[in-house]
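The values are calculated or read from the model by the stated rules, or taken from the named source; none is laboratory data. Model, not experiment: these values are computed from the prediction. A quick note on method: Cβ atoms are made from the backbone with ideal geometry, for glycine too, and the neighbour counts reach across all protein chains shown.
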């Protein structure tokens, strides 16, 4: 959590010491600009604590009274109660799903599930769909499943579901739904999830005269000892492997400095890599944090004013679909959101509670992707797909900041959200930011 958010958090607690307290809602609560207003500022999920800094008088639409939860934001106090539990960041699921580098996305052949993975948790939940030929049965609880009770429900096929825990029982591993119901993992295909993470330029700065590059050849890319493929390759680089490269005097060849740590450079053809280099800064950003997406290279960079902070790979629209270009802003951010196609869409889909969704234009967002790991290649229906680790990092750094305990936050009149420029060719693009 950033220093900015912690400072706000402490400010709210001290702003009205006599009335500041924690509350919990039994259902999802909407946060409005002021009592009786329809201007939505965000949403707070059920059964999560949040801070109330001041209690305001009730209105005809909310006789129970209003609670001020954020500077300029209020929530109706109906269906809420006081709690001693302080708000916290959303916890990550302790279970780590399989790595897609080891498994194919084959719904008839689920990957092996193991609890012996030592990777740091990085997902708030896991997603799965019913395996081919299975039924997706649900039991009332873990206890009911262990007793051998009959299942009570079945879930629909051909869609992705969210599970908040992976539990070992005497009868085998089960997946737990948000309502506590469970289903045996043997009936499900659990998605392998990419652990790809981009490049923090404070930790790994790019040397002068070089560029950041990633391999985009899924069958491995050959690297040679000279800028020619006349000799046998000395190394095969894996998909999404990262390098620093420099331009050579040979067209379409790039050098890799000190490839093996022996002083010997390697050489790779341009067609096998994605490249990133700084671009002209748009006038809309001042010294604020903003995002630059370059569609031809499938890259995203996070900047602070003119200084690049982080660079990574993305997946934009695949052939037959379009990712809009222009200067936008992040007008809404959610820790998770359902994503689905329109009726009669060319390709129908429904993804339940996709983690870290940031809308910049109606029906277009930056969000995580668990159903593929092809970052660096166009693969989406129009949105900007990112690995879970990457999108979580960008989510935390950009405006509007999500207060602790909230599920959704929207921009307001004083902050239209962080600028995101999506470009294909020219950096001179129309301003398409949505006003409040």
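Can you say whether residue 116 is farther than 23 Å from residue 46 by Cα, outside the structural domain of residue 405 (by TED's automatic domain parsing), at pLDDT below 95 and loosely packed, with under 13 Cβ neighbours inside 10 Å, as far as the supplied structure shows?
So residue 116 fits the description; yes.
Assess whether residue 297 counts as being surrounded by 14 or more Cβ atoms within 10 Å (Cβ to Cβ), at pLDDT 95 or above and part of a loop (DSSP other than H, G, I, E, B).
Yes; evaluated as a whole, the condition is true for this residue.
Would you confirm, using the coordinates I've provided, whether residue 384 is farther than 21 Å from residue 105 by Cα, buried (at least 16 other Cβ atoms within 10 Å of the Cβ) and in contact (Cβ under 8 Å) with a residue 24 or more places away in the chain?
Values: farther than 21 Å from residue 105 by Cα: no; buried (at least 16 other Cβ atoms within 10 Å of the Cβ): yes; in contact (Cβ under 8 Å) with a residue 24 or more places away in the chain: yes.
For residue 384, the condition - farther than 21 Å from residue 105 by Cα, buried (at least 16 other Cβ atoms within 10 Å of the Cβ) and in contact (Cβ under 8 Å) with a residue 24 or more places away in the chain - is not met.
Quick test for you: out of 392, 373, pick the one residue that is under 27 Å from residue 215 (Cα atoms) and surrounded by fewer than 22 Cβ atoms within 10 Å (Cβ to Cβ).
392
Name the residues in the stretch 303-321 that are buried (at least 23 other Cβ atoms within 10 Å of the Cβ) and either on the phi > 0 side of the Ramachandran plot or assigned to a strand (DSSP E or B) (or both), would you?
Residues satisfying the conditions are 303, 311, 312, 313.
Hey, can you tell me all the residues within the stretch 332-342 that are over 20 Å from residue 378 (Cα atoms) and surrounded by fewer than 24 Cβ atoms within 10 Å (Cβ to Cβ)?
In the first step, residues of the stretch 332-342 are kept if they are over 20 Å from residue 378 (Cα atoms); the result is 332-338, 342.
Of everything in the stretch 332-342, those that are over 20 Å from residue 378 (Cα atoms) and surrounded by fewer than 24 Cβ atoms within 10 Å (Cβ to Cβ) turn out to be 332, 335, 336, 337, 338, 342.
Among the candidates 378, 403, 362, which residue alone is farther than 24 Å from residue 195 by Cα and either surrounded by 21 or more Cβ atoms within 10 Å (Cβ to Cβ) or modelled with pLDDT of 95 or more (or both)?
None of the other options fit; the residue is 403.
Can you give me the ranges of the strands (runs of 3 or more DSSP E) entirely in the stretch 338-436 with at least 2 residues that are closer than 16 Å to residue 291 by Cα? Break it down stepwise before answering.
On the way: elements: 350-361, 364-368, 384-386, 408-410, 419-423.
In the stretch 338-436, the matching strands (runs of 3 or more DSSP E) lie at 350-361, 364-368, 384-386, 419-423.
State which residue is farthest from residue 388 (Cα to Cα) when the search covers only the stretch 156-169 and only residues that are touching a strand residue (DSSP E or B) at 6+ places or on another chain (Cβ under 6 Å) and in a loop (DSSP other than H, G, I, E, B).
157
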